[in-house]
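First comes the structure, then the notes that go with it.
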Amino acid sequence: MSQILDRVLTAARQLGASDVHLKAGLPPIFRIKGDLRTVRDVPALTREAIAQFAVHMMNDRQRADFEQNLDIDLAYGTPDGVRYRVNLFQQRGSVGMVLRLIPPEVPPFDRLNLPQTVLDLVGNNHRGVVLVTGATGSGKSTTLAAMIDYVNTQHAYHIVTIEDPIEYTFRDKRSVLNQREIGFDTMSFARALRAALRQDPDVILVGEMRDFETAQIAMTAAETGHLVLSTLHTVDATETINRIVSMFPTHQQQQARLTLASVLRGVISQRLLPRADGKGMVPALEIMVNTERVREMIEDPVRTREIKDAISEGLHPYGMVSFDQSLASLVKQRLVTYEEAVKHSTSPSDFALLFRGVSGTQAGWTAGAATETKGAGNDEFEIDQFEK
């Protein structure tokens, strides 16, 4: 049965799929360049087959966890060394799963074409909090991995990562890296983060800032001289700040604002768009740098909504950029179509006005880069647009 699964995953890689959806009663469904597609002439999967796939992926501890909670995140590796991040879940009484391909190598900054501001946030700050945010599938893990790899090549640091599950695996370069996986090497983000403070770290990566305890310890770590990198499932900087503050009890929220304003160095928010040439996806970015003006807005809940204005006006002095400015740049560079940019803009009408008024200087901002996903071609598998 594992051979069938590995054959499906091989086909997905050859077709350039980023994700594989397996559901009882349907053939394998691949996400290719942002769209769901089915594989022709492949029979529908039975619930028994998918259940056996799941059993094959899990160890005894994971099986017990899945039976109790009915969903689980884990990593799966094929015999040829390709790794996937997997979410197993119950739906209508049967097992379903989604597998996301983890590229074999951490993409370097120069390949991603991330703007200099992102480099500065990790290269120039030796303490504080840097957050990468966005919806599921927006490239947060890839950006974080590239940031860690950049630090690894530039500094002789001790880097501790806490992940659920481990996605990219790093090798020691100038830095020493220790990677800890929830459920295998530690039982929770908060416990591992607390332990990391006693491990002489310079940089701590927390895979996701999920709760009050993790947020509190992360900010304490930043206050005591460590650089903390993490992610949230938030769409922009304003929502990110409000989400973190809301994790704290009401009576602690104003102090949380003051602490966050002091330790936060920047927020990078991402959205992935299809490339105009059809060769994969390209990220649009919002980048907020914590200037004195932004710090005051974080501290004052009434003024937090003004952060988007500070970002729009902070391009030249600080390297900040709004989503709409990033989208306009992508269109100017012919990386995405105007129509696609409008669909992903914060406000279509405001974006139209901005795009018509973009100056040559603004258009020269280098947006996050094209992440190409190219298949090697496979005569055995043909794909159709997915239709329900």
Between 286, 239, 213, which is more than 25 Å from residue 322 (Cα to Cα), of a type in the set (D, E, K, R) and modelled with pLDDT of 95 or more? 213
Scan the stretch 240-260 residue by residue and report those that are touching a residue at least 60 places away in the same chain (Cβ under 8 Å) and not aliphatic (A, V, I, L, M). 240, 242
Going by the conditions given, is residue 339 in a helix (DSSP H, G or I) and acidic (Asp, Glu)? yes
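Scan the stretch 244-257 for residues that are of a type outside the set (Gly, Ala, Ser) and in a helix (DSSP H, G or I) and jot them down. Lay out the reasoning, then the answer.
Initially, the stretch 244-257 is screened for residues of a type outside the set (Gly, Ala, Ser), giving 244-245, 247-255, 257.
Matches in the stretch 244-257: 244, 245, 250, 251, 252, 253, 254, 255, 257.
Pull up the stretch 272-290, narrow it to residues that are surrounded by 15 or more Cβ atoms within 10 Å (Cβ to Cβ) and not aliphatic (A, V, I, L, M), then point me to the one that is nearest to residue 236 (Cα to Cα).
286
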Provide a single number: the residues in the stretch 62-95 that are touching a residue at least 24 places away in the same chain (Cβ under 8 Å) and of a type in the set (Lys, Arg). 2
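Could you please find all residues in the stretch 54-63 being part of a loop (DSSP other than H, G, I, E, B) and polar (S, T, N, Q)? Steps first, answer last, please.
Going residue by residue through the stretch 54-63, those that are part of a loop (DSSP other than H, G, I, E, B) are 58-59.
Listed by number, the list holds a single entry, 59.
This table checks each residue for (1) modelled with pLDDT under 90; (2) surrounded by 13 or more Cβ atoms within 10 Å (Cβ to Cβ); (3) polar (S, T, N, Q); (4) at positive phi.
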position: 323; (1), (2), (3), (4): no, yes, no, no
position: 342; (1), (2), (3), (4): no, yes, no, no
position: 361; (1), (2), (3), (4): yes, no, yes, no
position: 370; (1), (2), (3), (4): yes, yes, no, no
position: 374; (1), (2), (3), (4): yes, no, no, no
position: 384; (1), (2), (3), (4): yes, no, no, no
Looking at 298, 268, 307, can you tell me which residue is more than 19 Å from the chain's Cα centre (by Cα), closer than 20 Å to residue 345 by Cα, at pLDDT 95 or above and hydrophobic (A, V, I, L, M, F, W, C)? 307
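Residue check: is residue 43 closer than 30 Å to residue 278 by Cβ, touching a helix residue (DSSP H, G or I) at 6+ places or on another chain (Cβ under 7 Å) and either modelled with pLDDT under 95 or not hydrophobic (A, V, I, L, M, F, W, C) (or both)? Talk me through it step by step, then tell me what you get.
Values: closer than 30 Å to residue 278 by Cβ: yes; touching a helix residue (DSSP H, G or I) at 6+ places or on another chain (Cβ under 7 Å): no; either modelled with pLDDT under 95 or not hydrophobic (A, V, I, L, M, F, W, C) (or both): yes.
In short, no.
Do we find that residue 51 is surrounded by fewer than 18 Cβ atoms within 10 Å (Cβ to Cβ) and not in a loop (DSSP other than H, G, I, E, B) in this structure?
Values: surrounded by fewer than 18 Cβ atoms within 10 Å (Cβ to Cβ): yes; not in a loop (DSSP other than H, G, I, E, B): yes.
Yes: the conditions hold for residue 51.
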Kindly check whether there is at least one residue in the stretch 22-39 that is surrounded by fewer than 19 Cβ atoms within 10 Å (Cβ to Cβ), modelled with pLDDT under 95 and in contact with a helix residue (DSSP H, G or I) (Cβ under 6 Å, 6 or more places away or on another chain). no
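The values are calculated or read from the model by the stated rules, or taken from the named source; none is laboratory data. Computed from a predicted structure; not experimentally measured. Because the Cβ atoms are built from the backbone with ideal geometry, glycine has one as well, and the counts that use them run over all protein chains shown.
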